[in-house]
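One structure is given below, encoded as structure tokens.
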């Protein structure tokens, strides 16, 4: 077992890492080859990041970077695009232009044995600047690592494959922070692909898959969101992630009522087609009983009350299962969001219900879900915005309920008058 994998007492959680730092610092003072000294500096910087000391990590990482790719370090140092001075968001064209101008990282034959360390170093510099909200700098380092992996002939090496997966994972986050959701989703999907090849743990795989599902829902691709959800159901046994899967299913069922009416905001990268097809085939060959009892129903297939009720029931069941884990005591926001989603499911079912009496009952059910959260149930200081949403939603429901009662009373009066016998002259 390596030093960094040792269990440390709670009072000194980084004890093992500081022992590693001490060893690496001593190594740098010994007479070793320049490349090995650069690798030691890279490892030192990565360890400083692990113990949350980025101010010490930067000089060590850049020292190593100046040995392996000095031109890229200088190039990124001069970047001002993401320092906030321009007072505007970084545009996609500006990012593309910068990446095209960026110096490429090349590892010569004499340093070929250090390719894995160079990719890991680029990843660590990407993490360093991403944590400082310098997303463009981070993107340059990570993109350089991506290109280096693509050119390397060592991808069969487990260490390099793992470093490549980390590069894709970090790129998904950085593109997300830049507001480039399509690119973020592309790298989220490629991360899943690489993790599947490496037999990554279910916990991490499901986490990443949930991010991809959120992208598909946000960009109105419910069918692909459902495919990803179905593909990962059988891989996860932990209660918290199971609840997140149910919660996301509930959102899919809610959005599915009218998703076909919305124009897609972003195109789906064509590179996703193959993996989505593979995932769809996988779910078809799974034995019965492993899924969550959820099925995707396109909005075009929801035309009658019976069809809408089936979608409603699946959404309601998903909310209920998620609430079993996301309880109010400990998961306030998640619990309230699920109650709001239940309320919204009733709202979406309303247009399919013709009987005014049942419409009134459904609106009352919505109030019964939300009103217990009002008053002193939630801390107004900590959840002020959430309470404001709930009060507004309850006010809207009461207004709709009043109109329904008026219509119901008017209809009953009209029926009574119609049924009353007319006086004969």
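The values are calculated or read from the model by the stated rules, or taken from the named source; none is laboratory data. Predicted, not measured: the structure shown is a model, and the values here were computed from it. Quick reminder, even Gly has a Cβ in these numbers, built from the backbone with ideal geometry, and neighbours come from all protein chains shown.
Pairs linking a residue in segment 389-413 that is on the phi > 0 side of the Ramachandran plot and at pLDDT 90 or above to a residue that is in a helix (DSSP H, G or I) and surrounded by 14 or more Cβ atoms within 10 Å (Cβ to Cβ), with Cβ atoms under 9 Å and 6 or more positions apart or on different chains, do not occur. I'd like the residue in segment 96-109 that is modelled with pLDDT of 90 or more and surrounded by 15 or more Cβ atoms within 10 Å (Cβ to Cβ) and, out of all such residues, is nearest to the chain's Cα centre (by Cα). Looking at the filtered set, the residue picked out is 98.
Looking at residue 328, is it outside any helix (DSSP H, G or I), surrounded by 13 or more Cβ atoms within 10 Å (Cβ to Cβ) and under 27 Å from the mean Cα position of the chain (by Cα)? When the stated conditions are applied, residue 328 passes them.
Quick grid of which residues meet (1) crowded, with 17+ Cβ neighbours inside 10 Å; (2) in contact with a helix residue (DSSP H, G or I) (Cβ under 8 Å, 6 or more places away or on another chain); (3) modelled with pLDDT of 90 or more; (4) under 22 Å from residue 394 (Cα atoms):
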| position | (1), (2), (3), (4) |
| --- | --- |
| 287 | no, no, no, no |
| 298 | no, yes, no, no |
| 303 | no, no, no, no |
| 338 | yes, yes, yes, yes |
| 365 | no, yes, yes, yes |
| 368 | no, no, yes, yes |
| 377 | no, no, no, yes |
| 381 | no, no, no, yes |
